[in-house]
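Report on the following structure.
The values are calculated or read from the model by the stated rules, or taken from the named source; none is laboratory data. Bear in mind the structure is a predicted one, so any value in this text is a computation, not a measurement. When we count neighbours, we look across all protein chains shown, and the Cβ atoms used for this are built from the backbone with ideal geometry, even at glycine.
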Amino acid sequence: MSNQVDVVEAEAMKLTPEERARLADRLIASLSDDTAIEEAWAMEVERRIADTRASLADIEETARHAGILPGDLRDLLRRNGLEDYDQRLRH
């Protein structure tokens, strides 16, 4: 491994996990100009978003049946690092 790569890697490791993921995506994307791959990934992202939305509806329904109050469900999601899901729940 070249010294330059070592330096870049050391700097990258100082980033947050989210920043490293974004950097990794950019680096991988830079290896190919194949728009078919990009389109396939875009479709996969859309599919996963739809799955997540469906899962959120299932979570809400399950919580209602279990007698978990909406505020308690939001607290549970936050405690488990799922703040983004908390914002999508119906109020």
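A few remarks follow.
- Checklist (1) in contact with an Asp or Glu (Cβ under 6 Å, 6 or more places away or on another chain); (2) at pLDDT 85 or above applied to A10, failing item: (1)
Per-residue answers, yes or no, for (1) at pLDDT below 85; (2) farther than 22 Å from E18 by Cβ; (3) aliphatic (A, V, I, L, M):
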{"residue": "D51", "(1), (2), (3)": "no, no, no"}
{"residue": "L76", "(1), (2), (3)": "yes, yes, yes"}
{"residue": "N80", "(1), (2), (3)": "yes, no, no"}
{"residue": "Q87", "(1), (2), (3)": "yes, no, no"}
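- Subset of the stretch 8-51 [basic (K, R) and touching a Leu at 6+ places or on another chain (Cβ under 9 Å)]: R22
- Residue count, the stretch 1-46 (criterion: exposed (fewer than 10 other Cβ atoms within 10 Å of the Cβ) and small (G, A, S)): 4
- Among the candidates I49, I68, the residue that is surrounded by 10 or more Cβ atoms within 10 Å (Cβ to Cβ), at negative phi and not in a helix (DSSP H, G or I) is uniquely I68.
- If only residues of the stretch 1-46 that are in a loop (DSSP other than H, G, I, E, B) and not aliphatic (A, V, I, L, M) are counted, the one that is farthest from D84 (Cα to Cα) is S2.
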